[in-house]
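What follows draws every value from the coordinates through simple rules; no lab data is involved. This is a predicted model, so every value here is computed, not measured. We place every Cβ from the backbone using ideal geometry, glycine too, and count neighbours over all the protein chains shown.
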Amino acid sequence: MAEDLREYEHARSYYQQALDIQIEFGDRYSQASTYNQLGFLSEAQEDYAQAQQHLQQALIIFAEFNDQHSVAQTIQILAHLYQTTQDDRLLVTVAQCLGFTPAEVQQLFAAASP
């Protein structure tokens, strides 16, 4: 709700509290969703480095759980982030997360972009 009201600092605080609890209790899968939300929030605030870090962490966890739907959603957000920043390092780090080449990730991002 705080995010919808554009109260980004409150939203970040709530997500961070949730993440801390999920880490404490070892709920790795829920961590991925929270990292995803933190990444989306960081992107909305144009903190692209932080967005990339959170989204990559979410991607790694979703891939571990073989959650292809959530992987695809995270790829779509990362594709938008790449479109915005044109930072080729993003291609490299996502490629490492997925075991792809940077060229394959670039094709994946192109397919994921509207």
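Some points to look at:
- Cβ-based exposure ranking for H69, H10, H80, in which fewest neighbours within 10 Å come first: H69, H10, H80
- Gain on full stretching of the segment that runs from E9 to R28 - 0.36 nm per residue minus C-alpha separation: 4.5 nm
- A helix-only calculation puts the chain at -26000 deg cm²/dmol for mean residue ellipticity at 222 nm, using -39500 (n - 2.57) for each DSSP H run of at least four residues, averaged over all residues.
- Pairwise label distance in nanometres, A111 with E64, each label 7 Å out on the Cα-Cβ vector: 2.6 nm
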